[in-house]
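Everything below concerns the one structure shown next.
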Amino acid sequence: MKKPNNFQRIRELNTVQKAALAAALLERMLPNYTLFSEALEFGEPEVLRNALALCWEKILLPKSKISIDKLVEKVEPNVPEVNDFDVFGVYPAIDAATALLTLLQGLQSKDEQEYVSVCKIAQGTVARLIEYQFELDEQPYSSQDVNQHPLMEYEIEVLGELIDFVAAMTRLDKDSAKALRQLAVADGQTNIGVEI
C-alpha cells in the first residue's frame, strides 16, 4: 500500500495541528530571511521573528488579544522586491516573509488552506534553489530531477517527521510547542540547507 503523500496527510490534521506545522516550517525558513537581511542590510529580521513568536502565542492561546492586522502592517514593508536585488538570496527571503504573512492571514481568517499554503511555499523555496543550481551548471532538468534531488528528498523527509510529531499531539501546549520548534531546527539548518 502506498504511503499517503505529505500534503494528503496535512489535510487530515486538525486546524491547530496545521497551524503549528506551518509555524514550525517558518522556524526553518526565517533564518534565510535573517541571513539575506544582514548581508544586504535590508529589512528588520527581528520584526519577523517577533511576529512568528506572536503567531505561536495565538496558536497556543486563540483568545489572546494579538492584533494580526498590526503584525501584517509591520511585516509587509520587510518583504524585499525581487527586482531590487541581484542575488539568489532574495527568493528565500521573499518566501519566508510571504509564508509568515500567509500564516498570519490563516490565523486571522481561520482558513486552514493558508496553513497548507505555508507548507507549499517552504517546499517551493527548496525547488527554486535546486532549479537555480541546475541553471548555474547549465544543465537541463525536469520536475522529476527536482523532486529526486537530495535537498528536496530531505525537505520532504523533515516535513514528514514534523507531520508525524504534530499528528501524534493530543493537544498543543507550551511543552509540545517547544518540542515541535526544537524538532524543526534540530538539524541546525534552514529548509535550503544553510547552517543556522
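The values are calculated or read from the model by the stated rules, or taken from the named source; none is laboratory data. None of these values were measured; they are calculated from a predicted model. Quick reminder, even Gly has a Cβ in these numbers, built from the backbone with ideal geometry, and neighbours come from all protein chains shown. Ligands, DNA and RNA are stripped out before the accessible areas are found, and what is left, the full protein with its side chains, is counted by its heavy atoms. Shrake-Rupley method; radii C 1.70, N 1.55, O 1.52, S 1.80 Å.
See the values below:
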{"read-out": "Residue, surrounded by the most Cβ atoms within 10 Å (Cβ to Cβ), within the range 159-185, restricted to residues that are among the small types (Gly, Ala, Ser) and within 15 Å of the chain's Cα centre (by Cα)", "value": "ALA184"}
{"read-out": "The listed residue being closer than 24 Å to GLU161 by Cβ and at pLDDT 95 or above, out of LEU40, LEU54, LEU60, LEU101", "value": "LEU60"}
{"read-out": "Residue check, GLU138 in a loop (DSSP other than H, G, I, E, B), of a type outside the set (S, T, N, Q) and modelled with pLDDT of 95 or more", "value": "yes"}
{"read-out": "Residues within the range 105-124 that are open to solvent by 90 Å² or more (accessible area, probe 1.4 Å) and part of a helix (DSSP H, G or I), tallied", "value": "2"}
{"read-out": "Residue count, the range 125-158 (criterion: charged (D, E, K, R), more than 17 Å from the chain's Cα centre (by Cα), exposed (fewer than 13 other Cβ atoms within 10 Å of the Cβ) and at negative phi)", "value": "2"}
{"read-out": "Members of the range 80-95 found to be closer than 23 Å to LEU25 by Cβ and either crowded, with 17+ Cβ neighbours inside 10 Å or not β-branched (Val, Ile, Thr) (or both), listed by number", "value": "PRO80, PHE88, GLY89, VAL90, TYR91, PRO92, ALA93, ILE94, ASP95"}
{"read-out": "Odd one out for MET29, checked against (1) in contact (Cβ under 8 Å) with a residue 60 or more places away in the chain; (2) closer than 20 Å to ASP175 by Cβ", "value": "(2)"}
